[in-house]
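S.K.: Provided herewith is a single structure, encoded as structure tokens, for subsequent inquiry.
Nothing in this text is a laboratory measurement; each read-out follows from the coordinates by a stated rule. Only a predicted model underlies this, so the values are computations on that prediction, with no experimental measurement involved. Glycine also receives a Cβ, built like all others from the backbone with ideal geometry; neighbour counts cover every protein chain displayed.
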Amino acid sequence: MIVERKSHSTFDNKKDSHKEKGLETMKTSMWSFKLSTASLVLIPAAVGINYIGKMIAGFLKLPLWLDAIGTVLAAMIGGPVVGALSGAINNIIYGLTLDPISFAYAFTSLFLGLAVGAMAYKGWIENAGKALIVGLVAVLVASVVSTPINIIFWGGQTGNVWGDSLYAALIAHHFPVWLSSFLDEWVVDVPDKIITVFIGYLIFRGLPKTFLQQFDRQNHTDVL
């Protein structure tokens with residue numbers, strides 16, 4: 001009987017251990033939709049940063065957008081879900097207040113937030129070299145997702161002087177529309193997204209650890 005009790009006790013301990021590991025995995029999953037209060041506050045802050053970046057680019061008449069700095073920063077701090085929500089909500093607000101076409105580009109912002117957040121979660125913002133790779137991935141994601149949107153709504157153009165000049169030259173030389181449109185988007189996204197990621201990276205590295213600890217996945221979470 002004593003042996004039987006010991007075996008049951010061992011089994012119960014193992015069972016409890018598996019449960020604890022399972023709960024820990026759920027809490028630390030980067031794809032969890034259970035967001036801390038700090039994460040919920042971060043989203044509107046990210047939208048505000050996006051607005052500021054866009055205003056600065058417009059005021060200085062830069063051939064860049066700089067409208068995803070907040071999305072990238074939120075993704076680095078809070079993970080891919082927070083980044084995706086920040087990007088999508090940002091475009092919805094743009095669509096309601098500035099330009100209805102921004103609704104369509106919510107997909108670009110959403111996938112951008114997912115990509116940067118996933119890479120940040122996996123440790124790809126530990127140094128400037130890795131941040132550059134994150135920037136290049138952001139370029140690819142934005143270009144791939146935006147190209148079909150540009151073709152559907154703008155005939156393949158972006159509305160950016162750099163990209164559209166290249167597009168016109170390629171079309172004049174009988175390049176396919178999809179390739180011309182992709183390169184139109186790509187030539188703008190290379191400087192825009194790399195600069196955006198590096199600005200986000202520098203801000204992130206400058207944040208105090210006590211602030212970043214508020215976004216620890218093991219903290220108390222509220223269901224979104």
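S.K.: Starting at the first residue of segment 121-137, write each ³J(HN,Hα) from the Karplus equation 6.51 cos²θ - 1.76 cosθ + 1.60 with θ = phi - 60°, in whole Hz, x for Gly and Pro.
M.R.: 3J(HN,Hα) across segment 121-137, in whole Hz: 4, 8, x, 8, 10, 6, 8, 5, x, 5, 4, 4, 5, 4, x, 5, 5.
S.K.: Going by amide H atoms built from the backbone, whose H comes under 5 Å of the H on Thr158, apart from near neighbours?
M.R.: Counting only residues 5 or more places away or on other chains, the set is Asp164.
S.K.: Right, something else. Any chance you could run the full-extension gain for Leu62 through Trp31? It's 0.36 nm times the residue separation minus the Cα-Cα distance, nm to one decimal.
M.R.: Gain on extension, Leu62 to Trp31, equals 7.6 nm.
S.K.: For the pair Leu140 and Lys122, how long in nm is the line joining their label points, each one 7 Å along Cα→Cβ?
M.R.: 1.0 nm
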